[in-house]
Amino acid sequence: MAPVYFTPGPAQLYPTVAGHLQTALDKQVFSQSHRSQAFKDLYQRADEGLRALFQLPQDYAIYFTGSATEIWERSLQSLTAQHTFHLVNGSFSKKYLDHAKWLGRQAQVLQKPFGQGFSLAEIQVPTGTELLTITQNETSSGVCMPVGDIHALRSLFPEPLVSVDMVSGAPYAALDFSQVDMAFFSVQKGFGLPAGLGVWLVNERCREVAATLEGQQYTGGHYSIASLHDQYQQFQTPCTPNVLDIYLLTHVVEDMLAKGIDTIRQETEAKAQQVYAFLEESALFAPFVQEKAHRSPTVLVAEVMEKPAAEVISHLKAQGLVVGSGYGAFKEKQIRIANFPAVTEQEIDRLVQAMRPI
Ligand SMILES: *Cc1c(COP(=O)(O)O)cnc(C)c1O
């Protein structure tokens with residue numbers, strides 16, 4: 001039996017991927033020109049599916065890039081001249097901050113220890129901030145920011161543009177896009193697709209700021225918001241895009257819509273509940289994130305007591321269950337379990353049954 005991947009990206013493929021891939025090969029989709037009507041129709045179909053899945057407000061546009069990492073950089077280039085503010089509580093949120101520093105922005109930060117989230121009361125965004133960056137789900141530590149808290153920041157701090165990294169939370173996270181200005185993800189996490197595509201959701205307010213900065217400074221070249229939007233209006237891209245992933249994403253999003261996003265969310269919560277309940281009662285494992293409201297339903301991090309984490313990982317691997325190692329310095333002591341939509345309730349059940357007797 002093929003192993004099941006509970007790794008937080010690349011992750012288990014969504015169950016319908018293989019069928020869609022074969023259909024695309026049969027139809028020779030990957031040889032068609034990206035300037036053809038067939039590609040424009042595909043982009044439009046992807047756009048319609050993603051709009052429905054995320055309940056996007058009318059003014060949002062959807063752009064494709066090579067990765068989420070690229071969107072960190074392009075968003076800073078297109079939307080800021082000087083002042084940025086970053087909520088940092090793990091490795092991915094820190095990388096967004098690093099990109100701002102590399103670009104010479106005056107980047108300010110509120111930093112919390114690894115494994116902790118933010119309380120609204122402690123967040124003070126300085127006046128003059130152009131972009132506030134939030135990582136909705138910290139894949140490194142298993143901490144999430146409840147979407148209600150993200151929405152509340154808009155009324156507390158109406159001035160800055162709000163950017164949400166939802167790479168390992170989408171499509172589970174029920175973000176209200178009218179309360180933020182842009183969000184993004186890459187497809188090898190919650191969408192269960194091969195890596196190599198970033199998806200950038202951008203509102204009108206961002207485009208206005210980008211238009212003001214365009215011409216005053218380098219705004220990110222061919223993948224600037226201005227350039228992407230210019231092409232987007234014809235469902236085109238500035239360069240040859242990852243048609244393979246765009247095709248698969250289009251079809252997987254439609255499969256998710258057919259299943260129902262509410263069902264996907266309920267299943268995600270039920271599966272997460274089962275794993276956290278086990279971690280709490282187990283003598284060998286414990287949930288790493290203490291604050292329950294900040295425990296991620298999509299990337300669950302467990303501390304391993306008494307044994308090296310590597311031993312647990314290889315024990316599970318021998319049974320065809322592949323879990324992720326702890327991030328960076330936490331490699332020895334933690335495991336990470338991705339609970340994305342591609343993983344079924346039965347598979348989570350198998351994992352918990354296999355962890356119990358260790
Ligand atoms: C994986 C990840 C990224 C980076 O995605 P790439 O596709 O590798 O660029 C960014 N943010 C978060 C939260 C992630 O989990």
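So the values come out like this:
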{"quantity": "Residue ID - farthest from the ligand (Cβ to nearest atom), chosen from residues in region 171-193 that are among the small types (G, A, S) and surrounded by fewer than 24 Cβ atoms within 10 Å (Cβ to Cβ)", "calculated": "S178"}
{"quantity": "Single match in Q319, Q334 (criterion: more than 18 Å from P8 (Cβ to Cβ), out of contact with any His (no Cβ under 7 Å at 6 or more places or on another chain) and of a type outside the set (A, V, I, L, M, F, W, C))", "calculated": "Q319"}
{"quantity": "Helices (runs of 4 or more DSSP H) wholly inside region 54-168 containing at least 2 residues that are over 27 Å from T237 (Cβ atoms) and more than 11 Å from the ligand (Cβ to nearest atom)", "calculated": "91-102, 147-156"}
{"quantity": "Residue match in region 41-51 (condition: touching a His at 6+ places or on another chain (Cβ under 7 Å) and in a helix (DSSP H, G or I))", "calculated": "no"}
{"quantity": "Check on E214, open to solvent by 20 Å² or more (accessible area, probe 1.4 Å), in the same structural domain as Y63 (by TED's automatic domain parsing) and among the charged types (D, E, K, R)", "calculated": "yes"}
{"quantity": "Options Q77, Q136; residue that is in contact with a helix residue (DSSP H, G or I) (Cβ under 7 Å, 6 or more places away or on another chain), assigned by TED's automatic domain parsing to the domain that holds I225 and crowded, with 16+ Cβ neighbours inside 10 Å", "calculated": "Q136"}
{"quantity": "Filter result (of a type in the set (S, T, Y) and buried (at least 23 other Cβ atoms within 10 Å of the Cβ)) within region 145-170", "calculated": "S163, S168"}
{"quantity": "Selected residue (criterion: farthest from the ligand (Cβ to nearest atom)) from residues of region 194-204 that are in a loop (DSSP other than H, G, I, E, B) and surrounded by fewer than 24 Cβ atoms within 10 Å (Cβ to Cβ)", "calculated": "N203"}
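The values are calculated or read from the model by the stated rules, or taken from the named source; none is laboratory data. The structure presented is a predicted model; accordingly, all values stated were derived computationally and were not measured. Glycine also receives a Cβ, built like all others from the backbone with ideal geometry; neighbour counts cover every protein chain displayed. When the accessible area is computed, the model is the full protein with side chains, heavy atoms only, and any ligands, DNA or RNA have been set aside. Shrake-Rupley method; radii C 1.70, N 1.55, O 1.52, S 1.80 Å.
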